[in-house]
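Shown next, in structure tokens, is the structure this report addresses.
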Amino acid sequence: MSNINNTDIAGALRPKLSSAAAVVLPGDEGFGALAARWREYQAPSISAIVKVANEADVQETVRYANNHDIPFVVRAGGHGATKALGYAKGAIQIDLRALNHVKLSDDGKSATVGGGATVQKTIDALAAVGKRTVTGICERVGISAPTLGGGHGWLQGQYGLIADQVISCRLVLPNGDCVTVSDDPDCHPDLFWALRGAGHNFGLVTEWNFRIYDDVPEWSWEIFVYGGDKLEALYGLVDQKMPDQPAELIYWGYIIKVAKIDPEHPILWFAVIHNGPASTISSYAGPFHTLGPLNIQSGSGSLHDLAVATYQDAEGPACTYGMTSLRFPIGLTSHDVPAIRRVYDEIDTTFQRCPEVSGSFFLIEGYSTQAVQAVAADSTAFPHREDKILVTPYIMYAPNAAIDGVAKEFGEKLRGYLLEGSEDPGRLRAYVNYAYGEESMQEVYGWEDWRLEKLRRLKKQWDPEGRMRFYVPIV
């Protein structure tokens, strides 16, 4: 790490940047807001923020950081949260938020999207011209980070992962050079493979070219609230329904504490979601009425309305800043109901013993997977195409160092129950975009030897100095 001070950074770097760019230092107006993240726990410490205005600004900042041995991190949505980020000390934050354009191609089959665009910006801009593509769920998240890790979303059953929509991208390499990456033989197809699933390790995307589709704007849903005594019946029924789950249908559930419904115990919040008009939802949700819910709410509307209904809108509790949130993801092929019962009982006991973490939630994302599994497993670096369910304990609490250890143990225990009950308890499959950061390379990037060998070879080729090492690094 260089001994260069913040003033030196500003004085030397500003002249290299475009007139629309800015260097913001600690103490400058707006620095705190620009540096703020969804989770401050294990966050990078920032010595300067460069608000880039174009691709060349990104290149100049990366080269400057490298020449002075200063670590750099990239910032768009600010929801990246994994252990390695905390190792970035005195880093330059390369702020991509001004690179947020969304432009339709002339033939209407693709769109270029700036590397700093958010999920909400991408959805809204495409919807305005009658189009859509696969994005993440939380509106406030950037589009780039989910894509680099594969990218789950509401539309994946119909079109595949976010990464499956990528036609090409512009990538600033860890040395500051810039390349176009695609499956074209002249555009570094091996690097293109790695970017779609392990991309946090290989560079900074300034622009994506995504496949897009005609919009089907109407969504409908029914939300059920059950007491904990209905857990076996609920997830037993879901497992029965999953083999015939249409590509347009999602099962989405939380185990969460809602005191006004049950002041003593967590409840089961469960949604049946369909990409279609309100007249269609009853045929899918009907069987869940027979389980004796405490409450049922029906709704229909746009993707934004769905985000609000599932607490994933920009101001919803899952997306807003200020809390410590530890995540412990696991991919599964079915619901092991006895394991989920162990999870529920552990949550119930822990919330009573440690009320500081009672704002946590246990998320069960049951997307359709037809289009995900239609893509060849070896065609991208994303390793978990066989999974049908993404389950994540979100251990959330007001920042408090005295709780950190308890929270980590809690989350690991919940994931451990699910792993023990899974079809392969010796091999955790952890989604990289949610990873806590202590998972092994195999758990995150795949258990096949060839995958890890290929990733390590490409890492050595494209980032031999290990500059991109602050998000679940390949080692």
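The values are calculated or read from the model by the stated rules, or taken from the named source; none is laboratory data. The structure presented is a predicted model; accordingly, all values stated were derived computationally and were not measured. As a convention, Cβ positions derive from the backbone with ideal geometry for all residues, glycine included, and neighbour counts pool all protein chains shown. Keep in mind that these areas ignore ligands, DNA and RNA; they rest on the heavy atoms of the full protein, side chains included. Shrake-Rupley method; radii C 1.70, N 1.55, O 1.52, S 1.80 Å.
Quote the Stokes-Einstein diffusion coefficient, in whole µm² s⁻¹, for segment 114-209, based on the Kirkwood radius over alpha carbon pairs, a temperature of 37 °C and a viscosity of 0.692 mPa s.
Values: Rh = 13.4 Å.
The diffusion coefficient I find is 245 µm²/s.
Cys residues of the chain that find no other Cys beta carbon under 4.7 Å: CYS169, CYS178, CYS187, CYS354.
Segment 266-379: percent of C-alpha pairs farther apart than 21 Å? That fraction is 55 percent.
On average, how much accessible surface per residue is there in the chain, in Å², for a 1.4 Å probe, leaving out ligands, DNA and RNA? Working shown, then result.
Details: 17910 Å² over 475 residues.
That works out to 38 Å² for each residue.
Spin-label pair ASN54-ARG14: with each label point 7 Å from Cα along the Cα-Cβ axis, the two points sit 2.0 nm from one another.
Computed over segment 8-158, the Cα gyration tensor eigenvalues convert (square root of 5λ each) into semi-axes of 29, 19, 12 Å, ordered from largest to smallest. On C-alpha positions alone, give me the angle between the axis of helix 337-353 and the longest principal axis of the chain, in degrees, nearest 10. Long axis of 337-353 versus the principal axis of the chain: about 80 degrees. Where both bridge residues fall in segment 48-134, DSSP classifies roughly 25% of the beta bridges as antiparallel. Compared with the alpha-carbon gap, the fully stretched path from LYS460 to ASP69 is longer by 138.9 nm at 0.36 nm per residue.
Could you tell me which of the pairs LYS16/LYS51; LYS83/LYS460; LYS230/LYS257; LYS89/LYS121 are separated by over 19 angstrom between their Cα atoms in the structure shown? If you can, show how the numbers build up before the last one.
On the way: LYS16/LYS51 13 Å; LYS83/LYS460 22 Å; LYS230/LYS257 15 Å; LYS89/LYS121 31 Å.
Among LYS16/LYS51; LYS83/LYS460; LYS230/LYS257; LYS89/LYS121, the Cα-Cα distance tops 19 Å for LYS83/LYS460; LYS89/LYS121.
Taking the longest Cα principal axis of the chain as reference, the axis of helix 401-420 is set at about 60 degrees.
Sequentially through segment 215-232, phi angles give Karplus couplings (6.51, -1.76, 1.60; θ = phi - 60°) of 6, 10, x, 8, 10, 9, 7, 10, 10, 10, 10, 10, x, x, 5, 9, 4, 4 Hz, Gly and Pro residues having no value and appearing as x.
Contact order, relative form, for segment 131-194: 22 percent (alpha carbon pairs under 8 Å, 6 or more residues apart, mean separation divided by residue count). When the alpha carbon gyration tensor of segment 301-357 is reduced to an equivalent ellipsoid, its three semi-axes come out at 26, 19, 11 angstrom, largest first.
Where Rh is the Kirkwood radius over the Cα pairs of the chain, the temperature 37 °C and the viscosity 0.692 mPa s, what D in µm²/s does Stokes-Einstein return? Intermediate results must be reported in sequence, preceding the final value.
On the way: Rh = 22.9 Å.
Rounded to a whole number, D works out at 144 µm²/s.
Taking the C-alpha atoms only, the angle from helix 189-198 to the longest principal axis of the chain is near 50 degrees.
How large a share of the accessible area of segment 1-68, in percent, is made up of carbon and sulfur atoms when the probe is 1.4 Å and the other protein chains stay in place?
On the way: 1470 of 3150 Å².
Of all accessible area on segment 1-68, carbon and sulfur atoms account for 47 percent.
Above 16 Å lies some portion of the pair distances; for segment 174-249, what is it as a whole percent of all C-alpha pairs? Walk me through the numbers before you get to the answer.
On the way: 2036 of 2850 pairs.
Value for segment 174-249: 71 percent of Cα pairs lie more than 16 Å apart.
Converting the Cα gyration tensor eigenvalues of segment 158-297 into ellipsoid dimensions via √(5λ) gives semi-axes, longest first, of 42, 19, 13 Å.
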